[in-house]
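Okay, structure first, notes after.
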Amino acid sequence: MPKPIRMSRRTWVAACAVLCAAGLAATAELNASSGPGPKPQETVSAECAEYIADIERQLAKAKQEGRGDGVVAFSRVQVGTKDDCRDELRNHFGGDR
């Protein structure tokens, strides 16, 4: 039976350090490449799009008149129904901040 190759303690430490560094680099690369992609654009119903456009017109008119305070907007239909524009209004005007 052949004698096993003897390695010094420094060689073992260096080998472990190299393997750990390679593992950390590979993990960082995998984490960076597997990030979430961009969210798909959600479609807005025609009624909500019209309502948002109306609010945009009111904001533009208020700015022209020097009243840049803003506009209060409410969803036109009962909450929880199919045509509720609440979420679309929040997403468009940044109400989720």
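Read the figures in this text as sums done on the coordinates, not as results from a lab. All figures in this text were calculated on a predicted structure; none of them were measured in a lab. So basically every Cβ, Gly included, is an ideal-geometry build from the backbone, and we count neighbours across all protein chains shown.
Taking label positions 7 Å along the Cα-Cβ direction at both Phe74 and Glu29, the computed distance is 5.9 nm, reported to one decimal.
Descending by average beta-carbon neighbour count within 10 Å, the peptides 11-17, 45-51 line up as 45-51, 11-17, the highest first.
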